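The values are calculated or read from the model by the stated rules, or taken from the named source; none is laboratory data. Just so you know, these numbers come straight off a predicted model, no measurement behind them. Cβ placement follows ideal geometry from the backbone for every residue including glycine, while neighbour counts extend to all protein chains displayed.
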Amino acid sequence: MKLTVLIPTYNEAQDIRPTLDAACALDFDSFEVLVVDDASKDNTCAVVRAYEPKGVRLLALEQNGGVARARNIGLRQARGEVTVILNADVQLPKAFAKKIWQYYEKGADYVLVEAHVSNYDKVFPRYVQTMHHYQYSDHPEVIEWTEGYSCRTQAALAVGGFPEVFPGASGEDAIFGDEMKARFKRVWAPEIVVEHIAPDTLDGYWKQRVGRGRGSAYRVFGHEKQPLSDLRMAKTWLGTALLIGTIVPMLWHSAKLVKYSKYGWADWLPLAWAHTLDIAGWQVGFWQGFQELKSSRK
């Protein structure tokens, strides 16, 4: 088996069908689609089982343990020499496998690709896309994790997989990417593009931003073992309050983003609004993670 497409799921019944349709339709001679369901409470497993006649393999976990654990279980069960690690809202283009495989034939250990949001017409996904271009378009050398990430399965296992200290999907991929970079050969292939769906409702976007902040706390205080300092948290809260309270930094940052939006300056205030929620949500999540870790060490 050359390739495994690994998809961890948790309550993904609404998103998983297009992802499975695209994965099953790959133009490639030897691959499998492996779904590791992290004890979903909806009917995700029923949806996935309907794809078993197409060759999809389902591992249904009895206890929820987080996306890092689900990915690690999938990596250990993968039959492919190379594993593509997908989120449940990512659609691979039909030629994806052939395009990445050419790099593995030349000795790559992992391949990073470009990603575009498919619901670009909504402001929160558009902010996600413009921030992606703002941060990485001129600095692709700093990218170590992307949608549609693929790697040699044995390389992923050699670095120990994903750190399971992280709650949910909240920073474990960055640590994994850093470990891979330190030991293996990287390829950046921006000509290969995958599409994904970003949260487009206020509730969904807020939860994602809070999750990112929570993961940052677990990276700083859990993974890196930095001191759980109340003074540091106070400074972080003060910095966030000054950023949001004065408004000007939000508008200034949005002015930098508009050149990456196809709507140009018409997107100035919408992107400023999304950025404000981004900063505020991250701070709330960082505080939550800080408090959780602080309580666990008492």
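Computed values, structure above
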item	result
Check on residue 274, hydrophobic (A, V, I, L, M, F, W, C), modelled with pLDDT of 95 or more and either surrounded by fewer than 16 Cβ atoms within 10 Å (Cβ to Cβ) or closer than 27 Å to residue 219 by Cβ (or both)	yes
Scan of the stretch 243-257 for residues that are over 13 Å from residue 280 (Cβ atoms), among the hydrophobic types (A, V, I, L, M, F, W, C) and either at pLDDT 85 or above or surrounded by 18 or more Cβ atoms within 10 Å (Cβ to Cβ) (or both), ordered by number	251, 252, 255, 257
Set 215, 204, 289: member being in a helix (DSSP H, G or I), closer than 24 Å to residue 88 by Cβ and over 18 Å from the mean Cα position of the chain (by Cα)	289
In the stretch 25-49, the residues that are under 22 Å from residue 72 (Cα atoms) and assigned to a helix (DSSP H, G or I)	44, 45, 48, 49
Tabulated pairs, the stretch 49-77, first free of Cβ contacts under 8 Å to residues at least 40 places away in the same chain, second acidic (Asp, Glu) and surrounded by 14 or more Cβ atoms within 10 Å (Cβ to Cβ), C-beta under 8 angstrom, 6+ apart or interchain	55/32; 57/32; 58/37; 59/37; 60/37; 61/37; 61/38
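Conditions (1) closer than 19 Å to residue 116 by Cα; (2) surrounded by fewer than 21 Cβ atoms within 10 Å (Cβ to Cβ); (3) in the same structural domain as residue 185 (by TED's automatic domain parsing); (4) of a type in the set (Val, Ile, Thr), marked per residue:
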position	(1), (2), (3), (4)
28	no, yes, yes, no
41	no, yes, yes, no
48	no, no, yes, yes
52	no, yes, yes, no
58	no, yes, yes, no
73	no, yes, yes, yes
79	no, yes, yes, no
82	no, no, yes, yes
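Table: residues versus (1) under 25 Å from residue 288 (Cβ atoms); (2) touching a Gly at 6+ places or on another chain (Cβ under 7 Å); (3) not in a helix (DSSP H, G or I).
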site: 114; (1), (2), (3): no, no, yes
site: 129; (1), (2), (3): no, no, no
site: 135; (1), (2), (3): yes, no, no
site: 138; (1), (2), (3): no, no, yes
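Results for (1) within 17 Å of the chain's Cα centre (by Cα); (2) at pLDDT 95 or above; (3) not basic (Lys, Arg), shown as yes or no for each residue.
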{"position": "69", "(1), (2), (3)": "yes, no, no"}
{"position": "76", "(1), (2), (3)": "no, yes, no"}
{"position": "93", "(1), (2), (3)": "no, yes, yes"}
{"position": "103", "(1), (2), (3)": "no, yes, yes"}
{"position": "113", "(1), (2), (3)": "yes, yes, yes"}
